[in-house]
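S.K.: The structure's right below; bear with me while I get my questions together.
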Amino acid sequence: MSTDNTTPSADGSIDAAEVQALRERVDELEQSLAELDDGDDQQKMTIVATQGSFDMAYPPLILASTAAAFGWDVVVFHTFWGLDILHEEKSKELKLSAVGNPSMPMPNALAALPGMDSMATKMMQKKIDENGTATIEELIDLSLDQGVDLQACQMTIELMEYDEDDFYDGVTTGVGAATAIQHMAESDVQLLV
Amino acid sequence: MSSEYQTTETLDVKGLSCPMPIVKTKQAIDDLDADDVLEVVSTDSGSMSDIQGWAEGTDGVELLDQVEGDDLYTHYVKKTA
């Protein structure tokens, strides 16, 4: 085998000094690899939750509580309508939209009638009860219990004229996009929901 | 159901669906000591894949066995550290 930067002597052996230099280089590389391994190996996930409908509240909470069960460090940044998931009162009144929902067994003209969103939500709630699927409140409690950092975007709190006391105990307020970006940069998994 | 494992505790998550079997398993494991074995009894067919994935991706736990019965999925998880 030949390499570009070693010069075999006449009998094909490699110069002893060359071998020594290579050994030192290998040691150096091994050491810098070991230093990298010493870093924090905990997996991290950041989810940005932007939707506040009944059905869209579930995916971020299910993924967050599951990742926490894996021992991951999890941040969910709630912004715009996603903020309602953390709002103690509003989280209990999240609605499923019947209009523009291709899974609804009715045309949009019908779905737009008054009361259709409530009806669709009740139907979904019934299915959730029957299936043993957790409620949104249960998932929030579970997530907080497991150390998930549920963050409420400060700009949206002010935009929606919410009060910091409106949110579940344990929710982080006073954070903005820069905090979210910082967590995303450090994360192994980033999701926008 | 008989088992060849000496189970320390049994966790009943019958009737609960994703992600509850995983989250409850994790919480139950946290309360156990090293070498303890947790038996998890679930009715969620997804728990077969989920518990396996969770055990592979989580430090300090080892999946010993999974038994599929009539609509009942039983998992044996050992706490290794």
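S.K.: How long are the three semi-axes of the equivalent ellipsoid for the protein assembly as shown, computed from the Cα gyration tensor as the root of 5 times each eigenvalue, in whole Å, largest first?
M.R.: Its equivalent ellipsoid spans semi-axes of 46, 29, 18 Å.
S.K.: Can you put A:78, A:183 in order of Cβ neighbours within 10 angstrom, beginning with the fewest?
M.R.: Result, fewest neighbours first: A:183, A:78.
S.K.: Does anyone have the angle between helix B:20-30 and the longest principal axis of chain B? Alpha-carbon axes, 0 to 90°, nearest 10?
M.R.: 20
S.K.: Out of every Cα-Cα pair in the stretch A:24-118, what percent are more than 18 Å apart?
M.R.: 63
S.K.: Using the alpha-carbon centroid of each, what span in Å lies between the stretch A:79-121 and the stretch B:1-44?
M.R.: 36
S.K.: If you bin the C-alpha pair distances of the stretch B:9-79 every 10 Å from 0, what whole percents do you get?
M.R.: 22, 62, 15, 0
S.K.: Kindly put B:56, A:88, B:39 in sequence by how many other C-beta atoms sit within 10 Å of each C-beta, fewest to most. All intermediate terms of the calculation are to be shown ahead of the outcome.
M.R.: Numbers: B:56 11, A:88 14, B:39 21.
Placing the least packed residue first, the sequence is B:56, A:88, B:39.
S.K.: Of A:118, A:143, how do they rank once you tally other Cβ atoms within 10 Å and put the fewest first?
M.R.: A:118, A:143
S.K.: Additional query: Cα convex hull of the stretch A:63-159: how many Å³ per residue? Please report the intermediate quantities before stating the final value.
M.R.: Working: hull volume 12.4 nm³, N = 97.
Measuring per residue, one finds 128 Å³ for the Cα hull of the stretch A:63-159.
Every number here is computed from the coordinates shown, using simple stated rules; none is lab data. A quick note: this is a predicted structure, and the numbers were derived from the prediction, not measured. A quick note on method: Cβ atoms are made from the backbone with ideal geometry, for glycine too, and the neighbour counts reach across all protein chains shown.
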